[in-house]
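The values are calculated or read from the model by the stated rules, or taken from the named source; none is laboratory data. From a predicted model like this one, the values you see are computed outputs, not experimental measurements. For neighbour counting, all protein chains shown are included, and Cβ atoms are generated from backbone atoms with ideal geometry for every residue, glycine included.
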C-alpha cells in the first residue's frame, strides 16, 4: 500500500450541487448590490444627475445620435416653456440598454419628466468584438437574454447560420453578464472611465457635440482620425442620403420584430400609465438594418414616432458642412436637428425652413 | 483550441465527454481520435500533416524495430530519431540555425543567405510568419519515447494505427504535455479486455477530474493571466521601466509561468481523469523545493524524466568520471533549454540551471562540513526555509532569461534591477500598468494562491480529502467564484503552447 488517503469525495454530486447553489446565491447578492449602470460609468453619472433636483421636464435617451446631436439649452429656448431638458444619451448606448433606462425611470418613484424621447434604434446584436467589451452586456439579465435570442432567431433577411450566430452571441453575452465574468476588473476599470465632461457635457445638461469634444479634449486622436477620414471621402454624405432614400423607397413591407415591437409597446403603455409622453425618435439612420427600423416606426402609433431622417424632407442633415463624420452631425447640424426635434414636440412643421 | 476558451468549455469538452460515455466502448478510441484532430486543427489545420508524418514514421518504426534483430533494430531507431529530430530542426530550429550561420559567416566576411522559414507560406496555405506548429516539441518527444521504449524492449509495438495515433494525439495533453510514456498512456488505451477503452461512468472519479480542472482554471485565469497583464508590458519594454518594476515583474513571472503551465496540466489531467485516464503528474509545488535538484524533481517532471531516461543516462549519467558527470548535467540542461525554444535566452536559462546543479555537486561536501561545524543543523526548519528561499531566488533569476525577448533585454533587465539596489525606493511603474487597484488585486490573489497552493494541489491530485461536505462545497464555490469574478477572460494562450 502506498499510504495515500482515500481520494474520493464521499458525495461528489451533493457537494457539486451545494457549490452551485452557493455560487448562484453569491452572484445574486452581488448583482443586487451593484449600482445602476455600473458598467457604463458615464451613463451611471447621468442617471445620478437625473435624480437630482430640479428634475428635467424633457429627457432624451439614446446613443451618440442623441448625445451628440441634441442640445438641451437650444431645445428649451425653442420650446420656450421655462422648463429644462436633460440629455441622457451616450455613445454606444443602444437597446436594450436604453429601454432599461426608460423602464427603471418609469418604474421608479418620484416625479417623472413630462416628455421622454427615446432614439429608435436596432437591438445591438453582438458582434464578436463587442463580447470583449463588457459595456455591451453587463446589464443583461435572463429576460433580456431570452428576448435577444428570440429576436435574433427571428431576424428576416439573414441566413439561418447568421441568425444562429447572432442568437449564440446574445446567449453568450447574457451568460457573461449573469456569471459576472471578470466583474472585479470591470468594476475597477469602469470607475476609472468616469469622466464628468463626457457624461454631463460642458453645460451640465448631458450633451456634448463632437466638435465641442474636439475643442475641449484636443489630444483625442480618435475623433480627429474619424473627421479626417470623412473629409477625405467627399462622397460619404451623398452615399448615406442615397442609401436612406433607398430604404424608404422599399416601402414598409419589411416584417416587424414581434419582440422589439412588444418591448416598445410595453414602454408606451407604462409611460401612459405614469402620465408621461413617450416618443421614439428616428434621427438620420445608420444604413445597417435601417429597413427594420423604418418598419418598426411604421408599426408604432403615429403619435409615438418623430421621424427626422428622410433625406428629401431633411436635406440639411446630409450636407457635408453639417456633418462631423459619416454617422454624426457637427455643431451646426446638431443645432438644426435640435430645432427640428423641438418643433416636432410642439407639433409644428419640422424640416421646411431648415437651411438646405 | 484553448482550454480557457468558450469553445472548449461550452462545446468541445461537454460534447466529447458526453459522447464518450454514450458510445459503445469499442468506438471510444475513434471518438477520441476525431476529437483530438478537431482540437489540434482548431489552431492551424494544415499542421496536422506534420503530426501525421511523425505518427506514421514512428508507427512503422515501432513495428519494424520489434520485428528486426541485431543492428537493424538500431538502424530503425536511428531512422525514427532522425525523422523526429528532423521535423523539429526544420519547423522549430531552422531560423535559429540560419541566423547563427549568417552571423558566423558574416564574421569571417562571407555572405550566407537562405530564406527564413517564416517567410515561407507553403504556396499561400499558411499565413506568413506563422510556421511553428503548436506543441511540436511535446508530441515529437512523446512519439520518440515510444520508439525508444520499443527498442529497449520495455514496450510492445502498437499494431493498431488508430490507437497509436491517439497515443500521440490524445487531446488533453497533445499541445503542452505531460509528455507521456507508452508504458502509461498507451497501455491505458490498450487496457481493452477485448472491448476497447473500458472506463465506466464513476461519479466520484468524474467529480475528482472536474475539481482538478477547476483548480487548473483558477491557476490560469486568476493567477497566471492576471500576472501576465502586469509582466508583459514591463518585459515588453525593459528599458522603459524602472528596476523595482522589473524585480516585481520577475517575481510575478515566476508565479505566472508556474500557474500557466501547471494550470494547463491540471486541466489536462482532470479532463483525462473524467474519461478514466490517469496521466503523469507534472508538478509538485516546485517553489517549495529546498535545492535546485529537488526543484527539477517537482517542475515539469515529464520533461525532466524524459531527458534523464533518454539523454542523461545514455550519456553515462553519474557513472562516469566527475568532469564527464558535470559535463553531462550541463549538456542535458542546455539541450533542455534549447528544447523550449530556438533562442539563446533559453539555452542560457537551461545552462544556468545546469551550472547551479554542478555548483551544488562541487560544493556539496564543503557545505556539509560547514553545516556540521557551524551547528546550523540544530535549526532544521530555519535552514529549510532559507534553502527554499535561496532556491526560489536562483530559479527566479534564471526566469529572467526565459522571459526576456532577447539576450540584450535580459542583460538590460538585470542591470536595471541591480541599479535598484543602489537607489532609494520610488513608486514602481508596474503599479500603474493597469487600471487603478488592479495591481493590488493581483498581488492579493498571488498571496492567497501561495497560501492555499499546497493544500489545494494535494486536493486536486486526490492526495487528501476535504473534512466535510460543507468544506468541499465552500471551497468549490470559492474557486468557481474567483474564476468568474476575478479571472481574466480573454482566452489567452498558454505559454508552453509555443514550445
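Total residues in the range A:160-173 satisfying the condition of being within 13 Å of chain B (Cβ to nearest Cβ) and surrounded by 22 or more Cβ atoms within 10 Å (Cβ to Cβ): the figure is 1. Taking the range B:269-358 as the region of interest, the helices (runs of 4 or more DSSP H) fully inside it that hold 3 or more residues being over 22 Å from residue B:175 (Cα atoms) are B:292-298, B:322-340.
Within the range A:116-128, one or more residues are touching a helix residue (DSSP H, G or I) at 6+ places or on another chain (Cβ under 7 Å), within 14 Å of chain B (Cβ to nearest Cβ) and in a loop (DSSP other than H, G, I, E, B). In summary, residue B:402 fulfils each of the numbered conditions (1) at pLDDT 90 or above; (2) within 14 Å of chain A (Cβ to nearest Cβ); (3) surrounded by 17 or more Cβ atoms within 10 Å (Cβ to Cβ) with the single exception of condition (2). Within the range B:431-472, the set of residues being closer than 27 Å to residue B:298 by Cα, out of contact with any helix residue (DSSP H, G or I) (no Cβ under 6 Å at 6 or more places or on another chain) and facing chain A (nearest Cβ under 10 Å) comprises B:458, B:459, B:461, B:463, B:465. Evaluate the range A:92-103: report whether one residue or more is farther than 24 Å from residue A:288 by Cβ, crowded, with 19+ Cβ neighbours inside 10 Å and at pLDDT 90 or above. No; the residues of the range A:92-103 include none that is farther than 24 Å from residue A:288 by Cβ, crowded, with 19+ Cβ neighbours inside 10 Å and at pLDDT 90 or above. In the set A:206, A:189, A:182, only one residue is within 26 Å of residue A:309 (Cα to Cα) and either within 14 Å of chain B (Cβ to nearest Cβ) or surrounded by 15 or more Cβ atoms within 10 Å (Cβ to Cβ) (or both); that residue is A:206. Those helices (runs of 4 or more DSSP H) of the range A:1-111 in which 3 or more residues are within 14 Å of chain B (Cβ to nearest Cβ) occupy A:12-33. If we keep just the residues of the range B:475-493 that are within 7 Å of another protein chain (Cβ to nearest Cβ) and part of a helix (DSSP H, G or I), which is surrounded by the most Cβ atoms within 10 Å (Cβ to Cβ)? Filtering the range B:475-493 for residues that are within 7 Å of another protein chain (Cβ to nearest Cβ) and part of a helix (DSSP H, G or I), the one surrounded by the most Cβ atoms within 10 Å (Cβ to Cβ) comes out as B:476. Based on what the data block shows, is residue B:137 closer than 30 Å to residue B:474 by Cα, away from chain A (no Cβ under 14 Å) and at pLDDT below 95? Against the criterion (closer than 30 Å to residue B:474 by Cα, away from chain A (no Cβ under 14 Å) and at pLDDT below 95), residue B:137 does not qualify.
Could you check, for the range A:133-140, whether at least one of its residues is away from chain B (no Cβ under 14 Å) and in a loop (DSSP other than H, G, I, E, B)? Checked against the condition, which is being away from chain B (no Cβ under 14 Å) and in a loop (DSSP other than H, G, I, E, B), the range A:133-140 yields at least one hit. Within the range A:147-159, not a single residue is modelled with pLDDT of 90 or more and within 14 Å of chain B (Cβ to nearest Cβ).
Being surrounded by 13 or more Cβ atoms within 10 Å (Cβ to Cβ) and in a helix (DSSP H, G or I) is a description that does not apply to residue A:229. The selection criterion, being more than 14 Å from chain B (Cβ to nearest Cβ) and in contact (Cβ under 8 Å) with a residue 60 or more places away in the chain, does not hold for residue A:247. So for the range B:8-16 (the condition being surrounded by 17 or more Cβ atoms within 10 Å (Cβ to Cβ) and in contact with a helix residue (DSSP H, G or I) (Cβ under 6 Å, 6 or more places away or on another chain)), does at least one residue qualify? Yes, the range B:8-16 contains a residue that is surrounded by 17 or more Cβ atoms within 10 Å (Cβ to Cβ) and in contact with a helix residue (DSSP H, G or I) (Cβ under 6 Å, 6 or more places away or on another chain).
Name the residue, out of B:421, B:425, that is surrounded by fewer than 19 Cβ atoms within 10 Å (Cβ to Cβ), outside any helix (DSSP H, G or I) and at pLDDT below 95. Show your work before the answer.
Values: B:421 fails: outside any helix (DSSP H, G or I).
Just a single option satisfies the conditions, and that option is B:425.
For the range A:233-251, state whether one or more residues are at pLDDT 90 or above, in contact with a strand residue (DSSP E or B) (Cβ under 8 Å, 6 or more places away or on another chain) and surrounded by 20 or more Cβ atoms within 10 Å (Cβ to Cβ). For the range A:233-251, residues at pLDDT 90 or above, in contact with a strand residue (DSSP E or B) (Cβ under 8 Å, 6 or more places away or on another chain) and surrounded by 20 or more Cβ atoms within 10 Å (Cβ to Cβ): absent.
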